[in-house]
Structure formats: structure tokens, C-alpha cells
1. Go from 0 up to the bin containing the longest alpha carbon distance in the stretch A:1-90, width 5 Å each, and give me the % of pairs per bin.
2. Here are some pairs, A:Lys154/A:Lys207; A:Lys150/A:Lys387; B:Lys236/B:Lys318; A:Lys154/A:Lys387; A:Lys10/B:Lys383; which of them have Cα atoms lying more than 19 Å apart in this structure?
3. Take peptides B:365-374, B:335-344, B:220-229 and line them up by average Cβ neighbours within 10 Å, highest first, as a rough protection proxy.
4. Before anything else, pin down the relative contact order of chain B: Cα pairs under 8 Å, at least 6 apart, normalised by residue count, whole percent.
5. What is the local net charge at B:Asn359, summed over the other residues whose Cβ is closer than 12 Å to its Cβ (Lys, Arg +1; Asp, Glu -1)?
6. Okay, helix-only estimate at 222 nm for the protein assembly as shown: each DSSP H run of n ≥ 4 adds -39500 (n - 2.57), divide by all residues, round to 500 deg cm²/dmol; what do you get?
7. Mind checking B:237-244 for the average number of partner chain beta-carbons within 10 Å of each residue's beta-carbon?
8. For peptide A:58-71, what's the mean number of Cβ atoms from other chains within 10 Å of each residue's Cβ?
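Here, each number is a calculation from the coordinates, and none is a lab measurement. Please read all numbers here as calculations on a predicted model, not as lab measurements. Every residue, glycine among them, receives a Cβ derived from its backbone with ideal geometry; neighbour counts consider all protein chains shown.
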Amino acid sequence: MDMTEIHVIKQHLIDPEICIRCNTCEAICPVQAITHDSRNYVVDAEKCNLCMACISPCPTGSIDNWRTMPRIKAYSLTEQLGWDELPPELTPEELAAEGVVPGAMPEIEPVAPSLPAAVSGETAFNSAQYGATMPPWSAAHGYTNLYGAKAAEKFITATVVGNVRVTEVGKEYDTHHIVLDFGSMPFPVLEGQSIGILPPGTDEASKPHYARQYSIASPRNGERPGYNNVSLTIKRVLQDHQGNAVRGVGSNYMCDLQIGDKVQVIGPFGTSFLMPNHPRSNIVMICTGTGSAPMRAMTEWRRRLRQSGKFEGGKLMLFFGARTKEELPYFGPLQTLPKDFIDINFAFSRTLEQPKRYVQDAMRERAADLGVLLKDPNTYFYVCGLKSMEEGVVLALRDVAQQAGLSWETVGAALKQEGRLHLETY
Amino acid sequence: MSSINYSEKIPNNVNLSEDRTLQRALEQWQPNFINWWDDIGPEGSTNSDVYLRTAVSVDPQGWAQFGHVKMRDYRWGIFLNPGETDRTIHFGDHKGEKAWQDIPGEYRANLRRIIVTQGDTEPASVEQQRHLGLTAPSMYDLRNLYQINVEEGRHLWAMVYLLHKHFGRDGRDEAEGLLERRSGDANNPRILGAFNEATPDWLSFFMFTYFTDRDGKFQLCALAESAFDPLARTTKFMLTEEAHHMFVGESGISRVIQRTSQKMNELKTDDVAKLRAAGVIDLPTIQRYINFHYSVTIDLFGADESSNAATFYSTGLKGRYEEGKRVDDHALKGQTYKVLEARNGELVEKEVPMLNALNEVLRDDYIKDSVAGVERWNKVLEKAGISVKLRVPHKAFHRNIGALAGVKVSPDGRVVSEAEWNASVGQWLPSNEDRAYVASLMGRVVEPGKFANWIAPPVMGINRQPVDFDYVRFN
């Protein structure tokens, strides 16, 4: 498998159910990527440069649809012209079948041309445009792709040295904390990076399974300090995004591992979702479910630094969402962290007889404190979890900024440019 | 008025602050415009802050600035699409010559007539919508109405700019006339018939924005091809706003249909009386509204055979829809086109010179576009499992202009006797009872996120705001 050759794009599509065929997009597109027939208006993935010029002029909102696609499988003009409705987003499993690892980032992301210049008034909101592609200035330099198809070694073999369930037994889903040890083989990692796992066996087409990507949940000096190991937070997948029964190849393989089992690993990956290392830098972490993995890594690293007495700590603030507290990985250990070390805010969306509460609700409640942090150029924001949380979280940040008397366009642009807002949603 | 900061108050890309003549003309006209707006603009809207999209420049970022503003403070800008250097005329007798930045004297009268006719429709729309705000089915819809209103007002400015800039004293007189005529006024009506029809309820409003603003799209597209470059560039920019109007109509009707389908499925009935008792608009009534608005609108394209249309085309004043994309000689001499006429109680096609049939060509392009949208409404029904199909009536149905005026034709295209027409017209066009029923549903709903019973909420809010966003703040 050659992951580096799987080019991932965000394909720009127009929703034929909402589009009124007014021609505004076609008229305004600077690269003539939009065309139409008597049935549909469509975007040519070959020509579209994701400049977003067509987004705000569209009166319907139908223009603002994006699909993560392997470039070679991008929907053709002919396909799009035949649509009555948009096809659903490819599931992580379908993408994996095309060789796209979970969480793979497109080579170019749609950007709003209004950034970084501050503009008056509001333009159409697109949360992804605020995500940084640069790491914080004080981030440590991470190694990437030491093992993989393009590297000298195609994979590294790790030994399972721990596998514990970190959510309560008896609930629908189990989430496991899995520790992999690399022995004497080099596998240097940083908090916020991820690794790939090669599940054994073959798929229905008798081809080897593609890699599954997981965020590292342990700090740079190992799950156990001073050991060459990493930990992962993995939720067993028993349903696809539509709720149909499906057994996730990677997650079930990983969750069922026994101590002593061997696992083929590739990576590490990730050059941007990295933590700041300078004194007094603040970290605001916003996550749901297994999106907590990189947050655990960063929190633990800061905790160890603090314990060593060598680090002049900044503030840590965590917004952590799950359906119920029983489904929240690491719920117990989190409770034991000192309050003056980390400010933890939970949001549970399915607690019986309680109104639904999402991370953005918790953020809004803490607007006063978040506002102060947002004003501080030493504050870095990290968002990790399901894609659906991203917009709400960034909108909440926008509201916090505005409540604090800041112009979101200016702050948002700075967060992006200075590598201070990192979005990793899937 | 001399204290106006032109670029702030009237965002423009026509160098207004340096053009003293134009400033003086607009300074005289602008107070009258504001007075007209106060008299005839939306009723009871003065104090509200409305989430409006304002254009401040013609680039993609500049023309969609959102924020809460009072309608009276909306910045009616003057915008021309960016010009192309060395644009050449691409149709008619002057094909290949350089596009005009000034009006050739011999075409002055015709161009003035075209611009005045187009301009006259814009304030007419505002006037027709004056009372609708009082019966809006939701705050979201109210905001859309207000947005359309200010944009129609801006389109009036756009045409007035051309009149002031290029037509001297005549232009100023015509610009005044635009503020003096009134939609539906027996003594001083608007120029085109459809713009004197009342828009008394929101179903009519949605039909108007779907069908009649679509006429606007096609007329503006034809003018956007003009050899007179300022007209071409002005109308090109107007098209970007016209799109929103059509969206309001298309999605509005779609939501009405969706709500009706829900009730039909819930009550398991297509019985008109039961559906009316349940407070939704039955499909036969929607069909009759379609029949009415469609037929009135296709009259706007003018007579099927018109020597004016031929002249406008040959002289380069007004092209065809998507003229630049067509592959023919763009002169159309010696070519023919089929138009309908009634002969011996039957509709028959006859070939006429294409140049004289250009109104019909534009009408047919419009029809194709309209039908496609009606098919999208049918998809809503189809999804709900309802087998009824809505359709536009025959082109010859209920026509008052051209060769088909006066011929009685059924919606399915049969020439019928006066007696059959009279017996069936209640099935074909909205009756007084229909209108009274629809009117009875028009109660004002303006709580954020709430919708009148007869209409479904939209799929998404404006500018990706939530549906329950406070689009209008009543102060």
C-alpha cells in the first residue's frame, strides 16, 4: 500500500435539491470551474481551486458542500449532472477502502479569500477556514513517516503491553486504552501526532487491509515515562455513520488484542497539531469521545513538566463532551487532576432527564474566562472529535471573541496564521 | 445633500465622488427616492433592524456583507460589473465593432425606452410588496421580503444612474417618472401589466418571485449582452441579486408544497375541504396560482412577433439569453422560428423570421427554465409519496399579449369556446374563494424559529445562520 500516493481532495459540490440554477456561481467563478446543463449546476474538480469566490454570492447555500474524496475517484461532471440529490459523504470505511487513512487531510483545504484581511460585516461562516496548518512557534520538531510504503522500512513491529477498557462495562460501546511498545526500535513521537496500524488479513477483495490511523494518547517520553512506548484510545466500531451494523476492521482488531501480541505500525504522522512548549503558553482543549486522545497526551506532558518543577506553566482548560459520563474515556483519572492545574468542563448530551449539553454550550458558559484566554497571544486551541462538532465549536469561539469585544475576523485570521487554532475532526 | 459622503452613503464603483454632474442629478433625485420609499416601501418596518446583505463592491467578498441594518439606512449602491478592456459587440449589425461606452445618437430613444421599462419594474415590485410584511409566515421570510425590497430599490438606482449619466435632461425626467408611477394606480400605472397585479398574500409573493423575477433574470441576461457597455455591466451585477429573489420564490413554494404533503400524509387525504380545514394550501389551489402567475409573466416577454425586438437585436441593444454561448452567426438574418397562432379553432405553428420572433425565443428559454423548477417541486411531492404532479399550463393559456391574446385556451392547450372557458375558469385560475382562503391563512408569525402552519421551515438559514436566528430585531 502506498499511502502517499493517495491524493485526498475536498471536492466542491452543489446540492441539486437546493440549487435554483440562478447562474450566479458560474458567472462569478474566476477559473470557469462551474458549468451547467438543463438539469444541474456542477463543479469541475479538475478546475476548482477552492478559492471560495462562489460561496457568499450564492443565494441558496446549495453551493457550500464538500466531500473528502481520493482525487482519482472525484465525482465527474457527467455523474454530477445526473444527480437529483447529493450522494452521502463516504464513510471512513469506504474511504479506507480507497486507501484513504482516517483523518487524512486534503492537500488543499477550502479557504475563505477574506482571510487574513479583516473585513467589516460578516461573510458566510466556514469553520475549517480558521484551522491552522502551521504548528505553534515553540512546538518541538516531530519526525514523520519513519515507517511506511515510502520509507526504508515498510512498518515497525510493536508489542502490546497493555489493553484496558476505559469506559464503563455494560454500555453500548467500549473504549480501550492500548499500550504499544517498540523495544529498541526508534519511534520518536510528540503529543498530537498519530500512527497507522496495519490490521492483519485481507479484505473482501483479498487485498491486504489498508492502514487505520489513531491519535497518540501518551506524551513524548512514553506512556510510562522513560519507556519506548505509546498509548492509543480506541473505540470499538459496531455501527457505521448511518447506524447500520458494521464491524470496524481496525478498532475491533485493536480492542481484542492480548498482552504480548504483535502489531504492525506505520508513521508517525502529523506536523501541525502540536503543543506549544514555551513558558506561560495556555492550552484550550475541546474534544468529544476518542478525540480526547491528543488532549490526554498534552495534559499528561504538562503534568509531568509541572511535577518536575522545571516548567513555568500556563493555563490548561478542557472541554470534554460525551453522551454520558459512563461513556467518557478517562473520566475517573481526569477527576483526580488538581483544579489549579487544569480547568475541566464536561458536557453530556444524553444524561437522563437532563437537557442535552454540548461542548459549545459549556464553552459559552465559560465565555468570560475563554475571552481572557482568547485575548492572550500565548493561548493555543485544539479541537478533536467528530466532524459535526467543529462548526459549533468555532462558532462558539467566534461568539466568545465578539462578547470580549474582539473582531472575530481579526482574531480568527490571527489564530490561523499563528498556528493557534488546530482542528482535527473526522 | 451636499454633505453626502458618496462612497460611504452610496457605495459605488462609478467614480461618483468625482463626477459633479452626476452628483447634482442624484442629489435632486435622492430625497424623492427616500420620500417614495417612506410612502411605498414596506409598511411598519421603519424601526426594525434587519439582517440584510449589502453590496459594497462587486467582488465576491464585497457584495455579500451581512449585518443588521435599518432598511432606510440600507446603502443603495451603484455597481457595474468590472469591465473588459476592448470588449467587442458580439451580435447584430455592429458585430465585431468596439462596445459603446456612450450611446450612439441614433439609438438613444430605443435604449432609453428599454432602460425605463426595466427600471419601472423595480419600484413596482417594492410597491406590490408593501403590505406583505404585516402577514409574514416567519421572521426568516420577513427578512427575505425586506432583502428583496431593498434590492429592488437598488435596481431602481442602477437604472436611474444610467438615465442620469447618459441621457441628460430626458434621463432626469424619466427618472422622476419612475417615482411618480404607482403599481395598480388606474391613472398612473406601471408600464407592464404584470406589475400592476396585486400581490395580496404570500403564496402570490412566492409565485411572483419565482415566475416574475425569473422574467427579470431573462430580461437582464438579454440586456447583459448589450453593445452599450454600461448597461451590460449594470445588469450583470443586478443578476447576482435577482438570484436571491428567485430563491425566495422557489424555496417558498417548495416549503408550501412540503407542508401540504405532510398534512396529506398525516390525514391520509387529498380532499381539499379537509386540507383547508387543517390549514394548509391544497395542491389544486397551488396549481391555479401557478397557472395565473405563469401566464401573466410570459406575457411580459411581449408580442410573439415584434419588429422592435428585431431592431433591438440588430442594432446591438439587446441580445438573446446566453448570446455568447450560442453557436450561430449572431446576425439571424434569413433564419426562422416557430410561433403559435390559433387557426380554425386549433393552435398551429408557423414559421416567422427569427429576428421578429426574438421575444418568443426569450420566452421559450424562460419556459424551459421555469419548467425545470416546477419539476423540482414535483420531486418534493414524489419524495412524500404523492403522485400528483404540478405543471405549467400551455403557453397559449390565458394570454393577453400577442397573437394569442383573446384566444381561449385550456391549460392543456385546447382552444375552447367562450362558454367552456367561463364554465371552467374556476378550475384553472384562482377563484375569489381560493384567494379568500389563502388570505385567511395570512396571520403574522415573527417569533424566531416559528413558522405559520401552512409552510415548512427552510432547509437552512441565511448566511448559514440558524433557522431560529433573529433575522429581524423589532425595536
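1. 2, 14, 27, 26, 18, 7, 3, 2, 1
2. Values: A:Lys154/A:Lys207 17 Å; A:Lys150/A:Lys387 29 Å; B:Lys236/B:Lys318 13 Å; A:Lys154/A:Lys387 30 Å; A:Lys10/B:Lys383 29 Å.
Beyond 19 Å: A:Lys150/A:Lys387; A:Lys154/A:Lys387; A:Lys10/B:Lys383.
3. On the way: B:365-374: 17.2, B:335-344: 15.4, B:220-229: 24.1.
Put in order of decreasing packing, that is B:220-229, B:365-374, B:335-344.
4. Values: 803 pairs, mean separation 89.4, N = 475.
Relative contact order here is 19 percent.
5. Values: positive: B:Lys318, B:Arg320, B:Arg363; negative: B:Asp215, B:Asp299, B:Asp304, B:Glu305, B:Glu360, B:Asp364, B:Asp365.
Net charge in that neighbourhood comes out at -4.
6. Details: 24 runs with 307 residues, N = 901.
After summing the helix terms and dividing by the residues of the protein assembly as shown, the value is -11000 deg cm²/dmol.
7. Numbers: counts 1, 0, 4, 8, 3, 4, 11, 7.
Per residue, the number of nearby Cβ atoms from other chains is 5 on average.
8. On the way: counts 6, 15, 11, 9, 4, 0, 2, 0, 0, 0, 0, 0, 0, 0.
Per residue, the average neighbour count from other chains is 3.
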